[in-house]
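Colleague: I'd like to ask you about the structure that follows.
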């Protein structure tokens, strides 16, 4: 069992560092051990971690299959945290595939579960993802409301990475509404927040930031975007959207 716990940490560190090949290898070995031990909660988690790696690689069909397997394994053995973790992966994948209705349905269920168990911190990701769904539908007002709620919750929780994600979400809503300067500032602040804990966004998870950056830069020009981004970077976690 100690080997399984170690593989979780090693795989997570590899993925955060952008080494997806190493992360997949570690999690596959962990899955093999978990299956040999018939440790079904660990099997479910390992399948979900492999699904997360596939998401980062952009292989959405593979990610969906792995997360479904993880969800079924957890459900068959009465392990609700594993079901929730797997559905989170399904929700992330659905939005990245452009299946916005499916993503919204997943996140609504997940928010309900988080409320039932009193896990408020889990709401930060759900609110960010629902905000991105609204943004991608072109609803700037709803996107801003959701992302602002998520930012307030992230600041309450105090996790710099959750705050960074919320700042990126608010930036997307601002950019959609035509406030390119505000969007660039917020992107700068989010980058600083991630740097403060030494975990920049891996290349495979930059889709939202790259989309928002392109929109703001197109409106401001390279120099204007850089100036606003630098201002926001200096403000960091203290920025006021």
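Quick note: the coordinates plus some simple rules give every number you see, no bench work behind them. The shown structure was predicted, so the numbers you read here are calculated from the model rather than taken from an experiment. Cβ sites come from the backbone with ideal geometry, for glycine too, and all protein chains shown count toward neighbours.
Colleague: Determine, from the Cβ-Cβ distance of residue 234 and residue 22 and an R0 of 35 Å, the FRET efficiency 1/(1 + (r/R0)^6), rounded to the nearest 0.05. Spell out each step's value before the answer.
Modeller: Values: r = 35 Å, r/R0 = 0.99.
So, using R0 = 35 Å, E works out to roughly 0.50.
Colleague: Given the stretch 175-241, what whole percent of its Cα pairs are spread farther than 17 Å? Display every interim value, and only then the final one.
Modeller: Details: 841 of 2211 pairs.
Summing the P(r) of the stretch 175-241 above 17 Å gives 38 percent of all pairs.
Colleague: If you fit an axis through the alpha-carbon atoms of helix 20-37 and take the longest principal axis of the Cα set of the chain, what angle between them do you get, 0 to 90°, nearest 10?
Modeller: Compared with the principal axis, the helix lies near 30 degrees.
Colleague: For the stretch 1-100, take the alpha-carbon Rg, divide it by the Kirkwood Rh, and send me Rg/Rh.
Modeller: Values: Rg = 12.7 Å, Rh = 13.2 Å.
Ratio value, two decimals: 0.96.
Colleague: How tilted is helix 160-177 with respect to the longest principal axis of the chain? Cα atoms for both, answer in degrees (0 to 90, nearest 10).
Modeller: 50 degrees
Colleague: A follow-up question, please. How big is the chain in terms of Cα radius of gyration and Dmax, in angstroms?
Modeller: Cα-based Rg and Dmax for the chain come out at 18.3, 57 Å.
Colleague: For residue 223 and residue 137 in one chain, what is 0.36 nm times their gap in residues minus the Cα-Cα distance, to one decimal in nm? Please report the intermediate quantities before stating the final value.
Modeller: Numbers: separation 86, 0.36 × 86 = 30.96 nm, distance 2.92 nm.
Stretched out fully, the residue 223 to residue 137 stretch lengthens by 28.0 nm.
Colleague: Sticking with this one: Rank these for me by crowding, 132, 79, going from fewest to most other beta carbons within 10 Å. Intermediate results must be reported in sequence, preceding the final value.
Modeller: On the way: 132 27, 79 19.
So the ranking, lowest neighbour count to highest, is 79, 132.
Colleague: Relative to the longest principal axis of the C-alpha atoms of the chain, give the angle of the C-alpha long axis of helix 140-157, reported between 0 and 90° and rounded to the nearest 10°.
Modeller: 60 degrees
Colleague: Mind giving me the nanometre distance, one decimal, between the label points for residue 199 and residue 100, set 7 Å out from Cα along Cα→Cβ?
Modeller: 2.9 nm
Colleague: Kirkwood Rh, the stretch 75-143, all Cα pairs: how many Å?
Modeller: On the way: mean 1/r = 0.0810 Å⁻¹.
After inverting the mean inverse Cα-Cα distance, the result is 12.4 Å.
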